[in-house]
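Any read-out appearing in this document is the output of simple, stated calculations on the displayed coordinates, not a laboratory observation. This structure is a prediction, so every number in the text was calculated from the model and none was measured. Glycine gets a Cβ as well: all are built from the backbone with ideal geometry, and neighbour counts include every protein chain shown.
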Amino acid sequence: MNKRTLLFVLLLPVLACGYHVVKTPKRSVYVVPVDNQSNRARMGILVERALEGQLLQHGMVLVDNPAGADVRISIQLNDGGKRTVQSGSDNRVTASREIIRLKAVFVESKGNRTMSRDFMLLMRYPTESKYYYNDMSREEKEIAGQMGFQVVAWLTMP
């Protein structure tokens, strides 16, 4: 009997700690194709994929018809400017900063909400080469992931 009491006393803090799973109500979401007006041709597709992935992770249901959706999300990407951050000894650009503006509009039954955010894309160019080849796929995917996360965070905010 002493062993059972000891086991109960040791497990009591773990079992009664107060943690519980909160279930969010499933909402159906329609994502309008991204209106990409930035200089980055792939950003529209990357942001749309990242957003859909985040929505699914948060337990939301994606629908193909805007009429059957609880929420309709439309996103617009715009250029916010580009400038040189660092240049090499031969005045070649080795790093530049580009701002991409995201505007998301949420159309819900209780009304419309709008979110506007600026995201910074830092581009680095190799200085050891005389050619300006730069594969931005990793940086673009990272910034698209941040955009998708921010949009879902704004949507799930009370």
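Arranged by the count of other C-beta atoms within 10 angstrom, fewest first, what order do Val85, Val107, Val31 take?
Sorted ascending by nearby Cβ count, the order is Val85, Val107, Val31.
Residues with beta-carbon under 9 Å from that of Trp154, excluding Trp154: net charge, scoring Lys, Arg +1 and Asp, Glu -1?
Residues near Trp154 contribute +2 overall.
Order of Ser28, Ser116 from fewest to most other C-beta atoms within 10 Å?
Going from least to most buried by this count: Ser116, Ser28.
Provide the net charge surrounding Gly80, with neighbours chosen by a C-beta distance below 15 Å and charges set as Lys +1, Arg +1, Asp -1, Glu -1.
Combined, the nearby Lys, Arg, Asp and Glu give +4.
Given Lys82/Lys103; Lys82/Lys110; Lys26/Lys141, which pairs have Cα atoms separated by over 30 Å?
Result: Lys82/Lys110 exceed 30 Å.
Going highest first, how would you order 99-105, 37-43, 60-66 by mean Cβ packing within 10 Å?
99-105, 37-43, 60-66
Which net charge results for the neighbourhood of Thr114, defined as the other residues with beta-carbon distances under 15 angstrom from its beta-carbon, given Lys and Arg at +1 and Asp and Glu at -1?
Net of charged neighbours comes to +3.
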